[in-house]
Each structure stands twice: as C-alpha cells, then as structure tokens.
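Student: Supplied in structure tokens, the structure appears directly below.
Every read-out reported here was derived from the displayed coordinates using simple, explicitly stated rules and does not represent laboratory data. If you're wondering where the values come from, they're calculated on a predicted model, not measured in any experiment. Please note: Cβ atoms are built from the backbone with ideal geometry, for glycine as well, and neighbour counts cover all protein chains shown.
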Amino acid sequence: MEYRKSIGSTAFAVIAALGFAVVPLAHTSGYQIMLASHILVWGLFAVSFNMLWGVTGMLSFGQALYYGLGAYSVGLFVKHVGAGWFVPGMLVGLVLSVVISLLIGLLVIRVGGVFFTVLTLAFGQLAWQITFRWYHFTGGDDGIQGIIAPGILSDRIVYYYFTLAIVLVSIWLLRRLSQSPMGVLLRCVRQNPARVPFLGQSVRMSQLRIYVVSCFFATLAGTLMAGVDNSIHTDMLYWTTSGEVILMSVLGGIGQFFGPFVGAGAIIVIQDIVGARTEYWPLFIGILMMVIVLLFPRGVVGEFQALRTKLASDMGHAGG
Amino acid sequence: MDFSFIIIQFISGLTMATLLFLVASGLTLIFGVGNVFNFAHGSFYMLGAYFAYEAVSSLHTNFWVGILIAAGGAGLAGILAESLFLKRIYGRSEEGGFQLLLTYSFILVIDDLVKIIWGTEYKSLLRPAGFHGSLEIMGLTLPLYNIAIIAIGLIVVVIAWFTLTHTRPGRVARATALDRETMAAMGVNVPLTMTLVFGIATALGGFAGALAAPLRSVTPGAGIEVIIDSLIVVVVGGMGNFWGAWLGALILGEVMAFAVAIIPEWASVVSYLVMVLVLIFKPEGLFSPRQLRTV
C-alpha cells in the first residue's frame, strides 16, 4: 500500500512537472505564464510550510516573515545596489533566513502547541511593522517596484524555467527529506513526542531543524516571487500571507506531501476567477476555511484518497 | 522629562492597560477554561465598537446604555460563534490547530461583514456627556474620560475577582479549567459552561472595544492589532493566568504609553521587544510558576 501510494504521488509529480514545463510552449499569454509561476512559487511555499505543520505538527502563523524576507532581500539589493545584484540578493536572503530562523526558532520552540502558533504570528507581525515603518530603507507602504532580474533572466520565459527548475529541485529535496529517517522522526515528533527521547533523539532539536529548513524554502519562494511580479509590497509580510499558505495546505490536505501544492494551485486559480469579481475575497476564503475545517479536514487530496480506498474495499467485497 | 509629563503618560498608560486587560482577561479566561486560543477575540472587540456606534447614532441611546448594548451584542455573537461552529470540533484529534484556523476564519468573516454593513470609512463615537473635559489636580490636566475608563476597569477587576473566587459559577469555571471529566461526572453541564465562558469573555472584549471607541477611531481591521497586543499581554503575564493578564496589561500599557511619547515612530516595535525579553528569560510568562523543562 505504502509502495503503491508512493508510485501514485511520484506519477503525480512527473505529470505535474511535465505540465508546467510545456506551459510556455503552448500558445500561452504572458498572463498565463505568470499564473503558472504563481502556482509554482506558492506551491513551494505551501509544501515547505507543510513540512512544519502536516509532518511535524508545528502550526506556524508567521511564515510570511521568511517569504517576505526573501522578497525584500532581492528587492532591497536591486533598489539600493543595482539590478545586477538580483541573484546575490537571493543568496544573502537565504543566509539571513537561516540566521533569523535559528534565533527566532530557539525562542519559539521553547513553548509548545498554541503558543508556538501565537508567537510565530507575533514575530511575523514584528517583521511587518519594521518593514512598514522603515520608510527610507524599505519604501514602507509603497513597496518596491521595477525589480527585474539581470541578463538572460530578464526574459519572461527564461525566468519561468529558472523558477520551475528551482521549485522542482526544492520539492525533490523536501520529498527526500520527508521520506528519510529524519522525516520519520519528524512524524514521531508530531504523533508521540514523549517517545522521541527513547530513540535517543531530542524533540526540540528536531523541531528546530525542520523550522530552519522550512523557513529556508519559504525564503527561497519569496526571492523567486520578487522576479515573477517584478514588485514587492509589505503585504507579503503581513499575517494574511501566513494565513493564505495555511489555507492552501489545509485545502489540499496536510496529510499528503503534494496536498499543499494542489491546494496552492486551487487557491490561485480560484483567486483568479473569484478574486477579480468580488472585493470580499477575505469573506470568501474565511467561509472556505470554515467549510474545510468543519467538514473536510483531510483536504481535497486526503478526501480523494479516502474515497479511493473506500471504493477499492467496496469492490473487493463485491468481487470476493 | 518633567514630573507632569510622567504623570500624564502614566495615566495614558493606565488607560491603555485597562482596555488591554479587558480584552486579555477574556482571552485568558477562554484559554484557561476551554483550552481554546481565540484568534478572533480582537474581532469581538471591534464588533463592540461598531455596536456602540450603531446604538448611539441610530438608536440614539445614552452613551453608557450603548456600551452595555455593545457588550451584550458581542457576547451574543461569541455565544453563536462558539455553539454553532467551535463546539463541533472540540475533541477532534490535533484539535488545537483546527480550532485556531476556525477562529482565524471568524476574523476574516467578521471583518468583511463589518465592511459590508458599516463600510470602510472611519466611524467616530463622541465621549459621553460630562466626560469631555479634564480634571485639574496640582497643575496637571487629566482627561476625565481616561480617568473614567481606569475606574471602570478597576471595578471590573474587582467584580471578576469576586465572581471567580467567591461565587458558585466562578468556582465551576475554575474547576472546569482544571478537570473537565470530573466536573461532568459531578453533574456540571460542561459544554454549557464553555459556551457561557465564551460569551462572557467576548462580552468583555466588546465592552473594551466600545469603551475605546471615543479614544481611537472605529475601523474594520482593528481586531488584528488588538489581538496581537493582547497576546503579548498574555505571553508576558502567563497564559490562563488572571492576575498575570492584569500585570501583563499594566506593564505593556505603560511601556507603550512612554514609547509613544518618546519614540512615536517605533512604539509598536517596543511592545514586541518586551515580549522577546520575556521569552528569552521566562518563556512561561512572568507571573506563572516556573515549569519543569522537558528535553
């Protein structure tokens, strides 16, 4: 069963990757390429977030901090130093992400459960406040516009493949991590933290490790987004961004590795269709969140698999 | 920095502390009794402000009646939210995360409903008759309405303390916080207790929002600022700890009042620094007993 499940999700990954690879080859508009880039970047963000929540059981409400950190590292380098500093900005952002997530991680994992969630939210809002107020450095509420990657990356299609390559490699790495002994340990941290010391492992250390890893990939997603939208805004650091990535994960299903990616795609497509027609997008996603939490806590992919298992066992009964 | 400046900022800090305490005590009460962290608590605060505005501007009630209507309305909204939605997911595995998400969805829904009903523009509520002026003591000018808020806050603290320690409902609430199963076995209607506690706590939040409305303008989105400040209060004071919430509110209110006067641009950042310091040195909160550390 485990084996077949793994084949199923590998097949999903290959088909999805091929699908994204041919997007620019078909007769697509710049807008559709942008939409596909958004799905890729948010998909990476959601999958990295779910390593924390779905796998390890740490519901962070502050991942926007790292997403924004990535975007602002690129944006600030381009704004203050020059357009050629796009890629170095990405690297600096990733290094900063490791340092900051280590420091904040050491503080927030000392408290468990709900407190972890609440404190990550508080740190996220702190970062937002600083970015919002530090007008002459960050541009405050104006954000930063005109962020264009230099050289060959300035081409839309090249940048799309650049994004696709980074997202694919990152998701492959996260998938490897999730299936490694470390991944098993992380599930143990979620399901039975009291037993973790019996394995000679430390709950806190495992939590800190995955926190840093998850934040690293959230930052990476942020750096990519700076080049997709060519502009960044303080909203990327606001708590609603953290809420959105949670909604994507829970919509897709937090119990499956690719669930959050599916959720990200679904939310971005829905936002494209519904968001343009209503100013009450928050009301819509609020109700959506309520419906999922109350009625479909396993998410789209989780419910689909449950249905498939049920059908398979029904057919088994009919046949036997 | 002369003496009168210090006194005036101190009074302003006490006003802030009182409002923070009214919100944070409700938050801590819900957490203590029901083990639910109500992300949407700030939204009930905001609802209180709008209810008071509506009562005074269209029902033409007296200001103080409007405040009571606001508290009642917010409490009723809280009871509805708890009994229609939250109640359904008590006891589900990994309950904490989903409860948070449900209360998060309340924020989104309440915020937008407020925008639909009242629009996005600022609303203002005038101070009640007789509280426009200020009090002159020893050459100091103290705004009367702030003094009134502080006095009301003290009365609420005393009533809450008395209810929690000297009355049967208070004892039931505290006992439920300690052991739900035993209370149920003793014939206490635990689900009803949780609903009532939720209602009282959200009423306190709405009461605070209504009281604060003449000082701050009433806008949608006020809920999130308030919830962040009150969660800093409960982190500083210790979660689920009534007196901790009071002292946490006092500390944060005063720190914010002086920060606003000295470094207005960065005042909001200072309150987070208080939280970070507490987290570094005493993560369980200043006024909670030190807990055993796990590995």
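Student: Just to check I understand the Karplus step: with θ = phi - 60° and J = 6.51 cos²θ - 1.76 cosθ + 1.60, what whole-Hz values come out for region A:44-55, glycine and proline as x?
Tutor: Karplus values, whole Hz, x for Gly and Pro: 5, 4, 5, 5, 5, 4, 5, 4, 6, 7, x, 8.
Student: Give the separation of the Cα centroids, region B:132-194 to region B:1-31, in Å.
Tutor: 16
Student: Next question. Would you list A:THR241, B:THR61 from fewest to most Cβ contacts within 10 Å? Walk me through the numbers on the way to the answer.
Tutor: Details: A:THR241 21, B:THR61 16.
The order, fewest Cβ neighbours first, is B:THR61, A:THR241.
Student: Rounded to the nearest 10 degrees, what's the angle between the helix A:181-191 long axis and the longest principal axis of chain A, both from Cα atoms, 0 to 90?
Tutor: Rounded to the nearest ten degrees, it is 80.
Student: In a shell of Cβ-Cβ distance under 15 Å around B:LEU27, excluding B:LEU27 itself, what net charge do Lys and Arg (+1) and Asp and Glu (-1) give?
Tutor: Every neighbour counted, the sum reads -3.
Student: Provide the per-residue ³J(HN,Hα) series for region A:280-285, in order, calculated from phi with Karplus coefficients 6.51, -1.76, 1.60 and θ = phi - 60°, each as a whole number of Hz, with x at glycine and proline positions.
Tutor: Karplus values, whole Hz, x for Gly and Pro: 9, 4, x, 4, 4, 6.
Student: Show the residues, 5+ positions off or on another chain, whose built amide H is closer than 5 Å to the amide H of B:SER134.
Tutor: B:LEU144
Student: Among B:PHE37, B:PHE131, which comes first, then next, by fewest other beta-carbon atoms within 10 Å?
Tutor: Lowest to highest Cβ neighbour count: B:PHE131, B:PHE37.
Student: How high is the relative contact order of chain B, in percent, counting Cα pairs under 8 Å that sit 6 or more residues apart?
Tutor: Working: 453 pairs, mean separation 106.9, N = 295.
Reported as a whole number, the value is 36 percent.
Student: May I pose another question? Give me a single rounded figure for B:108-117: the average over its residues of other chain Cβ atoms within 10 Å of their Cβ. Present the calculation step by step, with values, prior to reporting the outcome.
Tutor: Numbers: counts 14, 9, 3, 4, 10, 3, 0, 4, 3, 0.
Average per residue, whole number: 5.
Student: Continuing with the same structure: Taking K and R as +1 and D and E as -1, what net charge do the other residues with C-beta under 13 Å from the C-beta of A:GLN125 add up to? Walk me through the intermediate numbers first.
Tutor: On the way: positive: A:ARG133; negative: A:ASP235, B:GLU225, B:ASP229.
So the surrounding residues net to -2.
Student: I need the peptides A:92-98, A:179-185 ranked by packing, meaning the mean over residues of other C-beta atoms within 10 angstrom, with the highest value on top. Walk me through the numbers before you get to the answer.
Tutor: On the way: A:92-98: 18.6, A:179-185: 14.0.
Output ranking for A:92-98, A:179-185: A:92-98, A:179-185.
Student: Tabulate in residue order the Karplus-calculated ³J(HN,Hα) for region A:140-157, using 6.51 cos²θ - 1.76 cosθ + 1.60 with θ = phi - 60°, rounded to whole Hz; enter x for Gly and Pro.
Tutor: Once rounded to whole Hz, the list reads x, 5, 6, x, 10, 10, x, 8, 10, 5, x, x, 5, 5, 5, 6, 3, 6.
Student: Can you put B:ILE107, B:ILE89 in order of Cβ neighbours within 10 angstrom, beginning with the fewest? Intermediate results must be reported in sequence, preceding the final value.
Tutor: On the way: B:ILE107 25, B:ILE89 16.
Lowest count first: B:ILE89, B:ILE107.
Student: For region B:159-266, what does the relative contact order come out to in percent, with C-alpha contacts under 8 Å and a separation of six or more?
Tutor: Working: 43 pairs, mean separation 10.1, N = 108.
Relative contact order of region B:159-266: 9 percent.
Student: Taking each residue in A:276-286, count the Cβ atoms of any other chain within 10 Å of its Cβ, then average. What number comes out?
Tutor: That works out to 4 on average.
Student: Let me ask you something else. Within a 10 angstrom radius of each residue's Cβ in B:226-234, how many Cβ atoms of other chains show up on average? Whole number is fine. Mind dumping the intermediate values first?
Tutor: Values: counts 0, 4, 8, 1, 0, 6, 4, 0, 2.
Mean inter-chain Cβ contacts per residue within 10 Å come to 3.
Student: Less than 10 Å Cβ to Cβ from B:GLY221, Lys/Arg counted +1 and Asp/Glu -1: what total charge do the surrounding residues give?
Tutor: On the way: positive: B:LYS115; negative: B:ASP111, B:GLU225.
Neighbourhood net charge equals -1.
Student: May I ask for the angle, rounded to the nearest 10°, between helix A:203-229 and the longest principal axis of chain A, with both axes built from Cα atoms and the value confined to 0 to 90°?
Tutor: Computed tilt is about 50 degrees.
Student: While we're here: Note the angle between two axes, namely the Cα long axis of helix B:144-166 and the longest principal axis of the Cα atoms of chain B, as a number of degrees from 0 to 90, rounded to the nearest 10.
Tutor: Once rounded, one gets 20 degrees.
Student: With contacts defined as alpha carbon pairs under 8 Å and 6 or more residues apart, what's the relative contact order of chain A in percent?
Tutor: Working: 446 pairs, mean separation 97.4, N = 320.
Once divided by the residue count of chain A, the mean separation gives 30 percent.
Student: As a check on your grasp of the helix formula, calculate [θ] at 222 nm for chain B: sum -39500 (n - 2.57) over DSSP H runs of n ≥ 4, divide by the residue count, round to the nearest 500. Numbers along the way, then the final one.
Tutor: Working: 11 runs with 210 residues, N = 295.
Using -39500 (n - 2.57) per qualifying helix, the result is -24500 deg cm²/dmol.
Student: Also: Excluding same-chain residues fewer than 8 positions from B:LYS115, which lysines have a Cα within less than 26 Å of its Cα?
Tutor: Those lysines meeting the cut-off are B:LYS123.
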